[in-house]
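These notes are about the structure you will find just below.
The values are calculated or read from the model by the stated rules, or taken from the named source; none is laboratory data. Model, not experiment: these values are computed from the prediction. Cβ placement follows ideal geometry from the backbone for every residue including glycine, while neighbour counts extend to all protein chains displayed.
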Amino acid sequence: MSAINITKLTKTFFTDIIANNDINLNIKRGEFFCLLGPNGAGKSTLVRQITTELIPTSGCICVFDVDVTIKPAKAKKLMGIMPQECGMYEHLTAKQHIQIFSRLKNIGVNYGVPDVISDLKLEKHQEKKVGELSFGLKKQVLLAIALLGDPPILILDEPSAGLDPEARRNVWDLLRRKKKEGTTILLTTHQLEEAEYLSDRFGIISEGRLIHVGTIESLRSSLNNRFELKMKRNDNADSHLVRYFDDIQTAVDFIQKKRIEGFSLATISLENVYFELIGAGKC
């Protein structure tokens with residue numbers, strides 16, 4: 001069974017601005033799926049339709065076979081949603097925010113609240129007013145709210161933006177644990193390292209179109225140049241000379257023929273794949 005199934009989805013604004021254009025996407029139950037794309041590509045618009053905040057112009061979105069347009073309340077109960085930005089009551093504490101949303105979700109004022117506070121290591125900040133918290137800590141409060149009640153689907157828009165390295169790693173570990181427990185996770189991010197570390201599959205959006213979906217290996221294999229060779233410059237400069245190769249044997253033959261000594265050879269990164277596909281998507 002699909003966790004999220006999107007069919008022929010199009011969203012337009014003011015009759016002529018196409019934010020999403022004929023998108024088809026199937027996210028499997030228990031999958032960690034990452035949505036990538038530049039600013040203005042249509043990622044947030046797509047997410048806001050999945051979470052029932054926006055109504056599609058045409059097409060269909062189903063969450064566990066529940067049509068989000070026809071039964072938005074039922075669909076939303078299946079999702080824990082973390083928006084990229086959200087207005088917060090700055091005079092309330094972090095813990096009070098989480099308790100209020102626990103009650104709004106009909107799971108009790110304290111049910112699960114200590115757990116999400118502990119999971120995100122917010123104990124020493126829970127009694128602070130939200131207005132006193134850093135941007136990164138506010139993001140963690142929003143994530144705590146999304147986690148309440150252990151929803152079967154998590155929709156997370158830039159969950160680690162603004163976090164320090166330790167907090168970011170803790171969030172990553174927590175999300176990987178949720179995935180192992182069977183939670184389906186849809187994440188948008190600009191951090192390619194985060195996407196490569198966490199996700200089972202990726203979708204890349206460019207100019208409103210979903211231009212590629214697959215694993216990191218399938219994305220790499222979609223390109224001709226799959227291996228990157230970095231060579232030290234002879235002039236002792238800090239920068240490296242870089243060449244790309246279709247297969248590893250050709251790269252090894254080149255190294256041996258040129259008798260290169262200082263080098264590194266690796267498969268191309270997600271960043272290489274991303275920028276080449278985004279460039280292709282704009283053609």
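Which condition number does GLY182 fail, the rest of (1) at positive phi; (2) free of Cβ contacts under 8 Å to residues at least 24 places away in the same chain being met?
Among (1) at positive phi; (2) free of Cβ contacts under 8 Å to residues at least 24 places away in the same chain, GLY182 violates only (2).
Can you tell me which residue among ASP246, ASP253 is outside the structural domain of PHE13 (by TED's automatic domain parsing) and at pLDDT 85 or above? I'd like the intermediate steps shown before the answer.
Numbers: ASP246 fails: at pLDDT 85 or above.
One residue alone meets the criteria, ASP253.
Does VAL66 satisfy the criteria of being modelled with pLDDT of 95 or more and more than 23 Å from PRO159 (Cα to Cα)?
Details: modelled with pLDDT of 95 or more: yes; more than 23 Å from PRO159 (Cα to Cα): yes.
In short, yes.
Checking the condition in a helix (DSSP H, G or I) and of a type in the set (A, V, I, L, M), which residue from ILE117, ILE185 passes? If you could, list the steps in order and put the result at the bottom.
Working: ILE185 fails: in a helix (DSSP H, G or I).
Every option except ILE117 fails the conditions.
Looking at segment 120-152, which of its residues are among the acidic types (Asp, Glu), touching a helix residue (DSSP H, G or I) at 6+ places or on another chain (Cβ under 8 Å) and not in a loop (DSSP other than H, G, I, E, B)? Walk me through it before giving the result.
Applying the first criterion (among the acidic types (Asp, Glu)) to segment 120-152 yields 123, 127, 132, 150.
From the residues that got through so far, the ones that are touching a helix residue (DSSP H, G or I) at 6+ places or on another chain (Cβ under 8 Å) too are 123, 127.
Within segment 120-152, GLU123 is the sole residue that qualifies.
Determine whether ILE4 is surrounded by 21 or more Cβ atoms within 10 Å (Cβ to Cβ) and assigned to a strand (DSSP E or B).
Yes; evaluated as a whole, the condition is true for this residue.
How many residues does segment 119-137 hold that are surrounded by 19 or more Cβ atoms within 10 Å (Cβ to Cβ) and of a type in the set (D, E, K, R)?
Qualifying residue count for the region: 1.
Let me spell it out: the conditions are (1) touching a helix residue (DSSP H, G or I) at 6+ places or on another chain (Cβ under 9 Å); (2) part of a loop (DSSP other than H, G, I, E, B); (3) of a type outside the set (Phe, Trp, Tyr), and ILE155 meets all of them except one. Which number is the exception?
So ILE155 meets the others, but not (2).
Residue check: is ALA167 more than 24 Å from ILE6 (Cβ to Cβ), small (Gly, Ala, Ser), modelled with pLDDT of 90 or more and more than 14 Å from the chain's Cα centre (by Cα)? Before you say what the answer is, go through the steps one by one.
Values: more than 24 Å from ILE6 (Cβ to Cβ): yes; small (Gly, Ala, Ser): yes; modelled with pLDDT of 90 or more: yes; more than 14 Å from the chain's Cα centre (by Cα): yes.
Yes; evaluated as a whole, the condition is true for this residue.
Give segment 21-58 a look and list any residue that's without any contact (Cβ under 8 Å) to a residue 12 or more places away in the chain and touching a Leu at 6+ places or on another chain (Cβ under 8 Å), or say none.
ARG48
Between ILE155, ILE98, which is out of contact with any Asp or Glu (no Cβ under 6 Å at 6 or more places or on another chain) and modelled with pLDDT of 95 or more? It would help to see each step written out before you state the result.
Values: ILE98 fails: modelled with pLDDT of 95 or more.
Sole residue among the options that is out of contact with any Asp or Glu (no Cβ under 6 Å at 6 or more places or on another chain) and modelled with pLDDT of 95 or more: ILE155.
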